[in-house]
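Okay, so here's the structure we're looking at.
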Amino acid sequence: MVRLFQENQMEDGRHSSKGNQLKWRNGEFWYKADYTGYEGLTEYVVSHLLQYTNLHPDEYVIYDTEQIQYGEQKYRGCVSRNFLPDGWQLITLERLFQLSYGESLNRSIYHITGTEERIRFLTEQTERLTGLSGFGIYISKMLAIDAFFLNEDRHTHNMAVLMDEKNGYHLCPFFDHGAALLSDTTMDYPLESELYGLIDKVQSKTFCPDFVSQTDQADQMYGMQIRFHFGEEQVREIMAEEKYYPEEIKERVINVLLEQKRKYRYLFCE
């Protein structure tokens with residue numbers, strides 16, 4: 001268990017549609033407390049399963065679960081290493097667009113009709129504002145990850161680029177998967193509800209409500225960019241190494257992953 005204090009608490013400007021988690025920085029580590037369910041377990045599982053893909057290790061943040069003492073309260077949550085080199089900043093796409101145009105990127109996207117046009121708009125605007133190339137490939141990877149893991153809370157406040165000390169821009173590693181895998185047991189996905197009905201209920205908040213439609217559209221535009229290569233054995237190994245969450249929740253997450261693997265089998269290299 002790690003003990004954290006008020007001076008460690010962070011407000012990073014990255015908001016969730018479901019409220020804001022408690023977040024802290026302590027030295028070279030960032031911590032997040034569970035807010036609506038088992039977000040910490042989800043961050044852990046998603047990031048460790050990304051090791052079983054064709055992504056390079058620098059392309060994603062690794063999270064581990066943690067117990068957090070803050071004041072008189074104890075929380076489950078997660079911890080990750082600070083991935084920002086000295087002098088670098090994480091700039092959300094929403095902030096980047098606001099600073100450049102004084103308008104909301106998210107609202108601008110939804111003023112556009114059509115998923116393809118929305119993806120193209122975000123991609124081209126980001127490349128124009130940052131000088132980055134290949135951002136469409138990056139978006140294709142992100143949308144596939146979010147679709148497979150059912151991340152319902154990917155929006156312009158948690159899509160980001162990195163800015164170095166010379167104001168040059170770099171792709172940001174994939175982070176913030178806490179709203180995936182039906183982690184919100186408080187409001188939307190109670191533990192006692194039927195699992196497969198809940199899976200069908202989840203909607204995306206990125207470019208359109210349907211995960212499959214936006215992922216397919218990005219693949220058509222920029223190519224299919226990600227492949228998974230794990231099975232039930234690897235999932236259960238990852239769960240067995242986790243020491244804070246109850247078995248009931250772990251088994252639920254395993255069942256969600258196996259159902260998603262069946263649905264998205266074309267993403268897997270057997």
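Read the figures in this text as sums done on the coordinates, not as results from a lab. It should be emphasised that the depicted structure is a prediction, and the values quoted were computed from it without experimental measurement. Ideal geometry is used to build each Cβ from the backbone, glycine not excepted, and the neighbour counts take in all protein chains shown.
From the cross-link list 32/243; 32/141; 32/261, which pairs have alpha carbons spaced over 26 Å apart?
Distance filter (> 26 Å) returns 32/261.
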Magnitude of the Cβ-charge dipole (Lys and Arg +1, Asp and Glu -1) of the stretch 23-89 about the Cα centre, nearest 20 debye, reported as 180 debye
If one builds a Gaussian network model of the chain from Cα atoms under 10 Å apart, the most fluctuating residue listed among 113, 186, 92 is 113
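What FRET efficiency would be calculated for the residue pair residue 25, residue 240, taking the C-beta separation as r and a Förster radius of 25 Å, to the nearest 0.05? All intermediate terms of the calculation are to be shown ahead of the outcome.
Values: r = 30 Å, r/R0 = 1.19.
The value I calculate is 0.25.
Only Lys, Arg, Asp and Glu count, each charged at its Cβ (+1, +1, -1, -1), so figure out the dipole size of the chain about its Cα centre, rounded to 20 debye.
On the way: 28 positive and 43 negative charges, 71 e Å.
That gives the chain a dipole magnitude of about 340 debye.
Determine one quarter of the surface area of the Cα convex hull of the chain, which equals its mean projected area, and express it in nm² to one decimal.
Orientation-averaged projected area of the Cα hull: 14.3 nm².
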Give me the distance between the Cα centres of the stretch 155-211 and the stretch 115-130, rounded to whole Å. 19 Å
The stretch 62-143: Rg to Rh, with Rh as the Kirkwood radius over Cα pairs: 1.11
Using DSSP loop states and a limit of at most 15 other Cβ atoms within 10 Å to flag trypsin sites (Lys or Arg not before Pro), what is the longest stretch of the chain containing no flagged site? 1-165
Total formal charge among the other residues, if their Cβ is under 15 angstrom from that of residue 74, Lys/Arg +1 and Asp/Glu -1: +1
